[in-house]
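The values are calculated or read from the model by the stated rules, or taken from the named source; none is laboratory data. Because the structure is predicted, anything quoted here is derived from the model rather than measured. Cβ placement follows ideal geometry from the backbone for every residue including glycine, while neighbour counts extend to all protein chains displayed.
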Protein chains: 2
Amino acid sequence: MKNMSVKKKRNGPIMFPKATLERLKMYHALLQEEKSEYISSEEIARKLSIKPEQVRKDISYLDYSGKPKVGYHISSLVDALDELFGTKLRDNIIIIGAGHLGKALANYKGFVNFGIRVVAIFDNDPEKLGTYVGELVVLPLKDLDRVIRRFNVKIGTICVPGESAQKTVDLLIKKGIKAIWNFAPVILEVPENILVENMDIARSVLTLKHLLDRTPTGKIR
Amino acid sequence: MKNMSVKKKRNGPIMFPKATLERLKMYHALLQEEKSEYISSEEIARKLSIKPEQVRKDISYLDYSGKPKVGYHISSLVDALDELFGTKLRDNIIIIGAGHLGKALANYKGFVNFGIRVVAIFDNDPEKLGTYVGELVVLPLKDLDRVIRRFNVKIGTICVPGESAQKTVDLLIKKGIKAIWNFAPVILEVPENILVENMDIARSVLTLKHLLDRTPTGKIR
DNA sequence: TAGATTGTTAATCGATTAACAATC
DNA sequence: TAGATTGTTAATCGATTAACAATC
């Protein structure tokens, strides 16, 4: 029977394994770069250093089928992934913290490809208030409520120092934010109905440090 | 028999499961914030929304033991994690691309806690060459070779646009770089002895978008 | 058609969890 | 000591991989 996944979708949402979702994001990144019309599971696998069976299995979760003997029609597969991730639906997000990172994010032009628009950036530092970051003026936190309602903001981006991250998050949740995109290098406590995606940028380099010390390549430190 | 992990370490390096390494980084983040002297697996688990058995299992990989009836001595456990990740050994890294993100990373003060020092930032845009980013002057790529040798640089940080990421990586590898910290939103092809850590910052928000559309909380889009 | 590639079921593998012994 | 908590073994669960049938 073809496309069980479509059927499953009818009764309650499928929960994608975390690892599968991560790989689907990688396929999304890879396929957006591809110039050809079709690609095989074999080729996707090779470029990502995984097994082709894994690729086929992952793709079977999607509302999309490849063509035996031909492969996957790239633009259709990208469409299915866009659907999965909702990149065609716009989410307005806000950034809290107008430091180097907050400003870098606010200036990032690629968000449009992911259905993200940064509608405001906040900070409480009087030196920063009123200054411009791209098209946006840095606002004080007292304007949170108004902005969140006006732009129906669900996602709050935490770019404040670790010390103030938790209280910033508490405030955002009180103001109705449903998901936290956390760039502060700390673990946040949130109610269970709130989503958190941690992007501990600096700490991610520790994986490289760890592996450099343990692989033949890196042994020569 | 106590501390099998220590024994195992003697014969060839243990390979930590990817998921375990990710959690160990979270413990590292969590424990650095803790003020008390001891903490139980129960409490760590609660704060991270995982099971205490998982915490004990993860910690059993380390060259460290907790105290029955008392818990884990926080500063000793942090030491063991620092050892695992090599945060006390300094790695000099370079940043390629002096855009918003590259500059934000170059300015980040927290790297010292992870044993990372940014020794140079590169760009080929004549407008940027010679300008200052914190203490650093933006250098042209022709200086790569000199800097990599002089500072024994193993890790190269990719902050260039997606279009130029692959050729930048090819160049870095030719110049002797062993590990790539990739912030470009593309999949890189590298020889198998080269390590890659992908930090596709913008694409990470897609997990939140996906879940917001599928959880009761977010349904009201 | 024959052959190549997908899709899916079944087997395997590895990670998580449960249970409990060790221990302070 | 008794009780609490770690450490470890065994059972379970879920994800990956292998095998192969479906299909164009």
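What to note about this one:
- Among the residues of the stretch A:25-49, the ones that are among the hydrophobic types (A, V, I, L, M, F, W, C) and facing chain B (nearest Cβ under 9 Å) come to 4 in all.
- The lone criterion from (1) facing chain B (nearest Cβ under 10 Å); (2) touching a Gly at 6+ places or on another chain (Cβ under 9 Å) left unmet by A:Lys88 is number (1).
- Residues being without any contact (Cβ under 8 Å) to a residue 24 or more places away in the chain and crowded, with 17+ Cβ neighbours inside 10 Å - total across the stretch A:112-153: 2
- Among (1) within 11 Å of DNA strand D (Cβ to nearest atom); (2) touching a Cys at 6+ places or on another chain (Cβ under 6 Å), the one test that B:Leu101 misses: (1)
- Candidates are the residues of the stretch B:38-49 that are on the phi < 0 side of the Ramachandran plot, outside any helix (DSSP H, G or I) and not aromatic (Phe, Trp, Tyr); the one that is farthest from DNA strand C (Cβ to nearest atom) is B:Ile39.
- The set of residues in the stretch B:20-37 being within 15 Å of DNA strand C (Cβ to nearest atom) and either among the β-branched types (Val, Ile, Thr) or modelled with pLDDT under 95 (or both) consists of B:Thr20 alone.
- When residues of the stretch B:50-67 are limited to those that are in a helix (DSSP H, G or I) and near DNA strand C (Cβ under 6 Å from one of its atoms), the one nearest to the other protein chains (Cβ to nearest Cβ): B:Gln54
- With respect to (1) in contact with a Gly (Cβ under 8 Å, 6 or more places away or on another chain); (2) within 21 Å of A:Thr20 (Cβ to Cβ), the lone exception for B:Asn198 is condition (1).
- Within the stretch B:164-184, being among the hydrophobic types (A, V, I, L, M, F, W, C) and outside any strand (DSSP E or B) holds for B:Ala165, B:Val169, B:Leu171, B:Leu172, B:Ile173, B:Ile177, B:Phe183, B:Ala184.
Each row is one residue, and each column tells you yes or no for (1) at pLDDT 95 or above; (2) more than 30 Å from B:Trp181 (Cα to Cα); (3) assigned to a loop (DSSP other than H, G, I, E, B).
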residue	(1), (2), (3)
A:Arg149	yes, yes, no
A:Asn152	yes, yes, yes
A:Val186	yes, no, yes
A:Ser204	yes, no, no
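- Flag if A:Pro185 is of a type outside the set (A, V, I, L, M) and away from chain B (no Cβ under 13 Å): no
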